[in-house]
Amino acid sequence: MRNLLQPLVLLLWIFSATALAGPRQAAIASAHPLATQAGFEILDQGGNAFDAAVAVSAVLAVVEPFGSGLGGGGFWLLKRVSDGKEILLDGRETAPWAASSTMYLDEQGNPIPQLSLDGAKAAAIPGLPAALAHLAKRYGRLSLAQTLAPAIHHAESGFETGERYRLAAKSREKALQASPAAAEIFLDHGQTPGPGFHLLQKDLAQTLRRLARQGHAGFYRGPFASNLVAQVRKAGGIWTQRDLERYRVLEREPLRGEYQGIRIVSAPPPSSGGVVLAEALNILSAYDLEHDDPVTAKHLIIEAERRAYRDRDLYLGDPAFVEMPIRRLTSPDYAAGLRVAIRPDRALPSENLSDVGNPSSQGDHTTHFSIIDRQGNQVAATLSINQRFGSGFVAAGSGVLLNDEMDDFAVSPGKPNAYGLVGGDANRIEPGKRMLSSMSPTFLETEDRIAILGTPGGSRIISMVLLAILDFAQNHDPQSWVSTGRFHHQYLPDVVEYEPGGLSPEEIKGLEKLGHKLKETSYRYGDMQAVLWEKQGDTVGAASDPRGEGAASVR
Ligand code: DON
């Protein structure tokens, strides 16, 4: 008997070892070469993907200060290979306790221009520092002193900014000028710096050091926190010390869906990403997009988006505050019902065309990175301070640019926000609530392939990830997912936006004939970062969006 058992045990051991074995190489794709490099340095020091994620997040906060940072928040989708645990780390900002649904409205109930976008009153309580401390403590192997070292170095020694920085600063010059501490750091004698500006962030380096030494408490408690609160209040904000003390990151079950045998794992509320993706993909699952003519395929994608984004506006918000029919919205039966009303030969106008918004430019603020390490641990993270340079406000001495994420709430129900999104009651401002997001860090999994992806882009994030998933489903590689031409419909405004080259002249004509209104954006949008591991053959690939200045490598 013993003789029989031994080979069996051996076989089982070999099987479980191969099942657990990770890829031969690690891969990182991020929006900045210095961040990708920092991630690899941490892996080389014996860190895992979660340690690398701390390093990459922190370096992005320094080298892309217009996109994300300690004054903002984000979502980190994690998969830990040792126990198969998949988790969404929710470091989304929260509304201060003194917030109210009328805080950005005048006496007539109209939104006061820019109040939810510029200056200290636009800032919600940051989640990113808490999330980094949590990631390091619960999932990492290295200390925060090690993983924050590259960010501290770049903040302390400075680095040369590029054209993206210049354009971002130019677009937010006024907001930055309004905050003396922000102007001092991010402008050059009060003006947008020219090319080759050397950006030094000594105060931010100190703040990162404090976080490295004290963890969570180094940001949310003590004299640092009191200074933040005092200065925010002096500048018209409503934070209290209690708001910072109360802030917690949350671990959530990811939102899971399925499309043509692909397992989709993405962000649950308070992000709308996973729900909208699942609903749109369920609608599309009955069609043969690959073999349909391109106009029909795109028409169907647009019609699916229209319906899924409508449900975003109607139902979604922070789960701690609103009951949401998630199970119904993501069920195949619900999608089948919606599909009945989709005509292959005609666009159906969105309801309520009177509230048409005018989405502003999106794409080079907020940031995403994707990582797989050699054990097979995975991270997809999308991080944000909302608009470029967030609120533009820096509390002197902190070096931290505060977010303007409050604008992601339905600031004035029925009126579009900065992304043209029209939110409802589910996303109204309430004390301590998390504002609805579109950030969609995503894993895709088939028996052979594992993909990790995401992008910035405001409300267009979800449609970009959707197009990438459809491209993955057609067996294309990461370079194709990040490069594919982009078009987008979000229910309201009732317009198909497309980037230059995103639709062919024939597709434009064909879609117009079906009754769609089309609008070309003045720029190509998105900055997708993607990683792929093909188990058979053990090949790893990574790609950075050609529209950005990111770096993807495999080592
Ligand atoms: O959470 C959200 O949906 C937004 N704050 C994301 C903003 C964004 O992606 C800006 N884009 N480039």
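The values are calculated or read from the model by the stated rules, or taken from the named source; none is laboratory data. Bear in mind that the values here come from a model prediction, so they are computed numbers and not experimental data. Because the Cβ atoms are built from the backbone with ideal geometry, glycine has one as well, and the counts that use them run over all protein chains shown.
With the requirement that a residue be without any contact (Cβ under 8 Å) to a residue 12 or more places away in the chain and either of a type outside the set (G, A, S) or buried (at least 24 other Cβ atoms within 10 Å of the Cβ) (or both), what does the range 35-85 give you?
So in the range 35-85, the residues without any contact (Cβ under 8 Å) to a residue 12 or more places away in the chain come out as 44, 83-85.
Within the range 35-85, D44, D83, K85 meet the criteria.
From (1) within 16 Å of the ligand (Cβ to nearest atom); (2) closer than 20 Å to V322 by Cβ; (3) at pLDDT 95 or above, pick out the condition that doesn't hold for G432.
That leaves (1) as the condition not met.
Can you find a residue that is surrounded by 21 or more Cβ atoms within 10 Å (Cβ to Cβ), under 17 Å from T296 (Cα atoms) and within 16 Å of the ligand (Cβ to nearest atom) anywhere in the range 472-487?
yes
Please find, within the range 361-385, the residue that is nearest to the ligand (Cβ to nearest atom) out of those that are within 26 Å of E86 (Cβ to Cβ) and of a type in the set (V, I, T).
Looking at the filtered set, the residue picked out is T366.
I need every pair where a residue in the range 386-411 that is in the same structural domain as A181 (by TED's automatic domain parsing) and away from the ligand (no atom under 12 Å from the Cβ) has its Cβ under 6 Å from the Cβ of a residue that is assigned to a loop (DSSP other than H, G, I, E, B) and among the polar types (S, T, N, Q), sequence separation at least 6 or different chains.
These pairs meet every condition: G392/S179; F393/S179; V394/S179; G399/Q201; L402/S391; V411/S116.
Can we say G457 is within 16 Å of the ligand (Cβ to nearest atom), at positive phi and either in a loop (DSSP other than H, G, I, E, B) or assigned by TED's automatic domain parsing to the domain that holds I385 (or both)?
Working: within 16 Å of the ligand (Cβ to nearest atom): yes; at positive phi: yes; either in a loop (DSSP other than H, G, I, E, B) or assigned by TED's automatic domain parsing to the domain that holds I385 (or both): yes.
The answer is yes for G457.
Cβ contacts < 8 Å: first residue in the same structural domain as A451 (by TED's automatic domain parsing), restricted to the range 527-541; second residue part of a strand (DSSP E or B) and surrounded by fewer than 18 Cβ atoms within 10 Å (Cβ to Cβ), any location; separation 6+ or different chain. Result?
L532/R449; W533/R449; W533/T539; E534/R449; K535/R449; V540/E534; G541/E534
Could you check the range 260-288 and list, in sequence order, the residues that are of a type in the set (D, E, K, R) and over 14 Å from Y309 (Cβ atoms)?
R263, D288
Working only within the range 473-501, note down all residues that are of a type outside the set (A, V, I, L, M) and part of a helix (DSSP H, G or I).
We begin by selecting, within the range 473-501, every residue of a type outside the set (A, V, I, L, M); these are 474-481, 483-491, 493-494, 497-501.
Residues satisfying the conditions are P478, Q479, S480, W481, S483.
Is the range 481-498 home to any residue that is acidic (D, E), within 19 Å of S272 (Cβ to Cβ) and touching a Phe, Trp or Tyr at 6+ places or on another chain (Cβ under 8 Å)?
The answer is yes, given that some residue of the range 481-498 is acidic (D, E), within 19 Å of S272 (Cβ to Cβ) and touching a Phe, Trp or Tyr at 6+ places or on another chain (Cβ under 8 Å).
Looking at R210, R164 in this structure, which one is in contact (Cβ under 8 Å) with a residue 60 or more places away in the chain and among the basic types (K, R)?
Exactly one residue qualifies, and that residue is R164.
May I ask you to verify whether A286 is touching a residue at least 24 places away in the same chain (Cβ under 8 Å), within 28 Å of E430 (Cβ to Cβ) and of a type outside the set (D, E)?
Judged against the criteria, A286 is not a match.
Tally up the residues in the range 435-454 that are part of a loop (DSSP other than H, G, I, E, B) and within 12 Å of the ligand (Cβ to nearest atom), please.
Looking only at that region, the number is 6.
Among the residues that make up the range 409-428, is at least one of them acidic (D, E) and in contact with a Pro (Cβ under 7 Å, 6 or more places away or on another chain)?
The answer is yes; a qualifying residue exists.
How many residues are of a type in the set (A, V, I, L, M), surrounded by 21 or more Cβ atoms within 10 Å (Cβ to Cβ) and not in a helix (DSSP H, G or I) when one looks only at the range 302-347?
Final tally of qualifying residues: 2.
Which condition breaks for E512 when tested against (1) outside any loop (DSSP other than H, G, I, E, B); (2) touching a Phe, Trp or Tyr at 6+ places or on another chain (Cβ under 8 Å)?
Of (1) outside any loop (DSSP other than H, G, I, E, B); (2) touching a Phe, Trp or Tyr at 6+ places or on another chain (Cβ under 8 Å), only one is false for E512: (2).
Restrict the check to the range 394-416 and report whether at least one residue is of a type in the set (D, E, K, R), over 19 Å from S30 (Cβ atoms) and part of a loop (DSSP other than H, G, I, E, B).
Within the range 394-416, one or more residues are of a type in the set (D, E, K, R), over 19 Å from S30 (Cβ atoms) and part of a loop (DSSP other than H, G, I, E, B).
Could you list, in sequence order, the residues of the range 515-539 that are in a loop (DSSP other than H, G, I, E, B), within 30 Å of I450 (Cα to Cα) and over 21 Å from the mean Cα position of the chain (by Cα)?
Within the range 515-539, K535, Q536, G537, D538 meet the criteria.
Restricting attention to the range 80-89, does a residue exist that is in a loop (DSSP other than H, G, I, E, B) and more than 20 Å from A451 (Cβ to Cβ)?
First, pick out the residues of the range 80-89 that are in a loop (DSSP other than H, G, I, E, B): 81-84.
Applying the additional criterion that residues be more than 20 Å from A451 (Cβ to Cβ) yields 82-83.
Within the range 80-89, one or more residues are in a loop (DSSP other than H, G, I, E, B) and more than 20 Å from A451 (Cβ to Cβ).
Run down P129, P111 and say which single residue is away from the ligand (no atom under 16 Å from the Cβ), of a type outside the set (K, R) and buried (at least 24 other Cβ atoms within 10 Å of the Cβ).
Values: P111 fails: buried (at least 24 other Cβ atoms within 10 Å of the Cβ).
Answer to the check: P129.
Where residues in the range 488-531 are on the phi > 0 side of the Ramachandran plot and not hydroxyl-bearing (S, T, Y), which of them is nearest to the ligand (Cβ to nearest atom)?
Among those that are on the phi > 0 side of the Ramachandran plot and not hydroxyl-bearing (S, T, Y), it is G526.
All but one of (1) at pLDDT 95 or above; (2) within 30 Å of H198 (Cβ to Cβ) hold for A95; state the number of the condition that does not hold.
Looking at each condition in turn, A95 falls short on (2).
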